[in-house]
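Engineer: My structure is below; once you've seen it, I'll send some questions.
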Amino acid sequence: MKPMPPPGQVTLVGAGPGDPELLTLKAVRAIAAASVILVDDLVGDGVLAHARPGARITYVGKRGGCRSTPQDTIEQLMLDAARAGENVVRLKGGDPFIFGRGGEEVESLRRAGIEPAVVNGVTAGLAALTSLGAPLTHREHAQGVIFVTGHPQKDGPGVDWARLAESARDLRLTLVIYMGIGSAAGIQAGLLAALAPDTPAAVIERASLPAQRQCVTTLGALLQDLRAAGLGSPAIMVVGDVVRGVAAVHARG
Ligand code: SAH
């Protein structure tokens, strides 16, 4: 019988928001050492320039209009490669543990007896407002930040936007909304229950990439302005007084 290869390793690597300069040194090292790389659709091409020649690279996202690979297939691919002794990197956009199912992937690997390593990345919610020169917290405008998904789990309870808006107002918190473009109308209506229409807001599409576009507006004009600017996914919406810090040069998008 053929001897079993020693089990390989799996590393979940945060690829950052797109700009390859925002990769961590750890991420670059892990990518360069990998024999198998499973890549999400939100990973910028420049990031893969660090892969070694001959590394087997598989796209598991929605590239070129193709359907994305089902989550359990991705998990199976990781497991099969690790069991075959490969050094597997699962490359995920932003940070592997901010949305994007990194938690589920880790749990499934653990169930199979593999403890993955995890390398942080710069999450899109951080890069988005920074790219416009404004901070997410500011002593005078916000004493905290909430990262929230605009696309909750199917059959899940959904986000109570009105309640979130109350907390943002009363506790002075910045709202950073991922995956919110498709439900922007509902998000805007919910937030307007407690936040004033002139609350500053920004939408940043493809933050940190050469194709980045944005609009800087108010909560009351959010939907109208993001449609007028033709913005779509992937984008981050930021709502709160900190948006006042956006450099004037960006204000028109
Ligand atoms: N793990 C990722 C988030 C995955 S969820 C992270 O930490 O960034 C996917 C959502 O992330 C997108 O719908 C969008 O809201 C956001 N996103 C990812 N990359 C982005 C980018 N370059 N610019 C703006 N939003 C981005």
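Engineer: Can you tell me which residue in the range 73-93 is nearest to the ligand (Cβ to nearest atom), limited to those that are closer than 23 Å to residue 48 by Cα and among the charged types (D, E, K, R)? Step through it out loud before you land on a result.
Structural biologist: First pass over the range 73-93, keeping only residues closer than 23 Å to residue 48 by Cα: 73-82, 84-93.
From what's left, among the charged types (D, E, K, R): 75, 80, 86, 90, 92.
Numbers: 75: 17, 80: 24, 86: 23, 90: 12, 92: 6 Å.
Within the range 73-93, the match that is nearest to the ligand (Cβ to nearest atom) is 92.
Engineer: Taking the criterion of being farther than 30 Å from residue 86 by Cα, among the polar types (S, T, N, Q), surrounded by 12 or more Cβ atoms within 10 Å (Cβ to Cβ) and free of Cβ contacts under 8 Å to residues at least 60 places away in the same chain, would at least one residue in the range 174-183 satisfy it?
Structural biologist: For the range 174-183, residues farther than 30 Å from residue 86 by Cα, among the polar types (S, T, N, Q), surrounded by 12 or more Cβ atoms within 10 Å (Cβ to Cβ) and free of Cβ contacts under 8 Å to residues at least 60 places away in the same chain: present.
Engineer: State which residue is modelled with the lowest pLDDT when the search covers only the range 50-62 and only residues that are outside any strand (DSSP E or B) and either open to solvent by 80 Å² or more (accessible area, probe 1.4 Å) or not aliphatic (A, V, I, L, M) (or both). Spell out how you get there, then give the answer.
Structural biologist: Filtering the range 50-62 for residues outside any strand (DSSP E or B) gives 50-55, 60-62.
Among the residues that remain, those that are also either open to solvent by 80 Å² or more (accessible area, probe 1.4 Å) or not aliphatic (A, V, I, L, M) (or both) are: 50, 52-54, 61-62.
Working: 50: 96, 52: 96, 53: 95, 54: 95, 61: 79, 62: 62.
Step by step, filter the range 50-62, then rank; the result is 62.
Engineer: Here is a further query. Go through (1) surrounded by 21 or more Cβ atoms within 10 Å (Cβ to Cβ); (2) under 30 Å from residue 200 (Cα atoms); (3) over 16 Å from the mean Cα position of the chain (by Cα) one by one and return the number of the condition residue 135 breaks.
Structural biologist: (1)
Engineer: Identify, please: which residue in the range 5-29 is open to solvent by 20 Å² or more (accessible area, probe 1.4 Å) and of a type in the set (A, V, I, L, M, F, W, C) and is, among those, nearest to the ligand (Cβ to nearest atom)?
Structural biologist: Only one residue tops the list, namely 22.
Engineer: Out of all the residues in the range 75-131, which are among the small types (Gly, Ala, Ser), buried (at least 21 other Cβ atoms within 10 Å of the Cβ), under 15 Å from the mean Cα position of the chain (by Cα) and not in a loop (DSSP other than H, G, I, E, B)?
Structural biologist: 94, 124, 125, 127, 128
Engineer: Restricted to the range 196-208, and to residues that are open to solvent by 20 Å² or more (accessible area, probe 1.4 Å) and in contact with a helix residue (DSSP H, G or I) (Cβ under 9 Å, 6 or more places away or on another chain), which residue is nearest to the ligand (Cβ to nearest atom)? Lay out the reasoning, then the answer.
Structural biologist: Narrowing the range 196-208 to residues open to solvent by 20 Å² or more (accessible area, probe 1.4 Å): 196-198, 206, 208.
Applying the additional criterion that residues be in contact with a helix residue (DSSP H, G or I) (Cβ under 9 Å, 6 or more places away or on another chain) yields 196-198, 208.
Details: 196: 24, 197: 23, 198: 24, 208: 6 Å.
Checking each candidate, the answer is 208.
Engineer: When residue 68 is evaluated against the numbered criteria (1) crowded, with 16+ Cβ neighbours inside 10 Å; (2) at pLDDT below 95, which criterion, by number, is the only one it fails?
Structural biologist: So residue 68 meets the others, but not (1).
Engineer: Could you check, for the range 150-158, whether at least one of its residues is open to solvent by 60 Å² or more (accessible area, probe 1.4 Å), farther than 26 Å from residue 183 by Cβ, charged (D, E, K, R) and free of Cβ contacts under 8 Å to residues at least 60 places away in the same chain?
Structural biologist: Of the range 150-158, the ones open to solvent by 60 Å² or more (accessible area, probe 1.4 Å) are 151, 153-155, 157.
Subsequent filtering for residues that are farther than 26 Å from residue 183 by Cβ retains none.
Looking for residues that are open to solvent by 60 Å² or more (accessible area, probe 1.4 Å), farther than 26 Å from residue 183 by Cβ, charged (D, E, K, R) and free of Cβ contacts under 8 Å to residues at least 60 places away in the same chain, one finds none in the range 150-158, hence no.
Engineer: Right, here's the next one. Within the range 215-236, how many residues are surrounded by fewer than 17 Cβ atoms within 10 Å (Cβ to Cβ) and under 16 Å from residue 124 (Cβ atoms)?
Structural biologist: Summing the residues that are surrounded by fewer than 17 Cβ atoms within 10 Å (Cβ to Cβ) and under 16 Å from residue 124 (Cβ atoms) in the range 215-236 gives 2.
Engineer: Of the residues 96, 116, 53, 70, only one is more than 15 Å from the ligand (Cβ to nearest atom) and in contact (Cβ under 8 Å) with a residue 24 or more places away in the chain; which? It would help to see each step written out before you state the result.
Structural biologist: Working: 96 fails: more than 15 Å from the ligand (Cβ to nearest atom); 53 fails: in contact (Cβ under 8 Å) with a residue 24 or more places away in the chain; 70 fails: in contact (Cβ under 8 Å) with a residue 24 or more places away in the chain.
Exactly one residue qualifies, and that residue is 116.
Engineer: May I pose another question? Restricting to the range 166-175, give me the number of residues that are under 15 Å from residue 243 (Cβ atoms) and part of a helix (DSSP H, G or I).
Structural biologist: Filtering the range 166-175 down to residues under 15 Å from residue 243 (Cβ atoms) leaves 168-169, 172-175.
Narrowing further to those that are part of a helix (DSSP H, G or I): 168-169.
Counting residues in the range 166-175 that are under 15 Å from residue 243 (Cβ atoms) and part of a helix (DSSP H, G or I) gives 2.
Engineer: Sort through 143, 212 and tell me the only one that's closer than 29 Å to residue 46 by Cβ and either open to solvent by 30 Å² or more (accessible area, probe 1.4 Å) or assigned by TED's automatic domain parsing to the domain that holds residue 22 (or both). Full working, then the answer.
Structural biologist: Working: 143 fails: closer than 29 Å to residue 46 by Cβ.
None of the other options fit; the residue is 212.
Engineer: Moving on to the next point. Residue check: is residue 160 touching a strand residue (DSSP E or B) at 6+ places or on another chain (Cβ under 7 Å) and either within 27 Å of residue 139 (Cβ to Cβ) or modelled with pLDDT of 95 or more (or both)? Let's see the steps before the verdict.
Structural biologist: Numbers: touching a strand residue (DSSP E or B) at 6+ places or on another chain (Cβ under 7 Å): no; either within 27 Å of residue 139 (Cβ to Cβ) or modelled with pLDDT of 95 or more (or both): yes.
So residue 160 does not fit the description; no.
Engineer: I would also like to ask the following. Go through the range 31-47 and give me each residue that's more than 16 Å from the ligand (Cβ to nearest atom) and either among the aliphatic types (A, V, I, L, M) or open to solvent by less than 10 Å² (accessible area, probe 1.4 Å) (or both).
Structural biologist: Our first condition is that a residue be more than 16 Å from the ligand (Cβ to nearest atom); within the range 31-47, this holds for 31-37.
Of everything in the range 31-47, those that are more than 16 Å from the ligand (Cβ to nearest atom) and either among the aliphatic types (A, V, I, L, M) or open to solvent by less than 10 Å² (accessible area, probe 1.4 Å) (or both) turn out to be 31, 32, 33, 34, 36, 37.
The values are calculated or read from the model by the stated rules, or taken from the named source; none is laboratory data. Since this is a predicted model, take the numbers as computed values, not measurements. So basically every Cβ, Gly included, is an ideal-geometry build from the backbone, and we count neighbours across all protein chains shown. Quick note on the areas: whole protein, heavy atoms, side chains included, nothing else; ligands and nucleic acids left out. Shrake-Rupley method; radii C 1.70, N 1.55, O 1.52, S 1.80 Å.
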